[in-house]
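Read the structure below first, then the notes.
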C-alpha cells in the first residue's frame, strides 16, 4: 500500500473525530485524536441532542482516559450566521468544557456575507 507523506505543517492539522456518547468503542477512538465532535444516542440507538451536561460527562471521560498530553478540543456544530457576536457567544454556554463552534451556515450566502462572517471571527467564551 502507498501511504501519503506526513504533513509538512508543524504542528500538524488537528484531527477531530466524532465520538458517540455513551458508546465505549466510539469514545475510545477519540482518545487517540486531537478533538471530539460530540454526538449522543438514546437507548434505542437514535441520535439525540447533546446537552451541556453530556459534554461535561464526555470531558470527564476524556480527562480520565486520555494518555496523550497534546491539547484536546471539544468541537460543537451550530449556526451563528445572522447573529450578533453577543448572540453567538450565548451559544457557548458557561460551565461547559472549553470548545470550538463550527458554523454550519446556509449555502445561499453571498460572497460578501461569507467574507463578513469570517471577519467577525469565532464566538468566544466570555
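Laboratory data are not the source of any read-out in this text; all were calculated from the coordinates shown. All figures in this text were calculated on a predicted structure; none of them were measured in a lab. Neighbour counts run over all protein chains shown; Cβ positions are idealised from the backbone, glycine included.
Between residue 15 and residue 70, what is the spin-label point distance in nm, taking each point 7 Å from the Cα along the Cα→C-beta axis?
Reported label-point gap for residue 15 and residue 70 is 0.8 nm.
Can you tell me the Rg and the Dmax, both Å, for the Cα atoms in the range 1-75?
Rg, Dmax (Cα atoms, Å): 14.2, 44.
Packing-wise, with mean Cβ within 10 Å as the measure, how do 2-14, 23-35, 42-54 rank, highest first?
Ranking the peptides 2-14, 23-35, 42-54 by packing returns 23-35, 42-54, 2-14.
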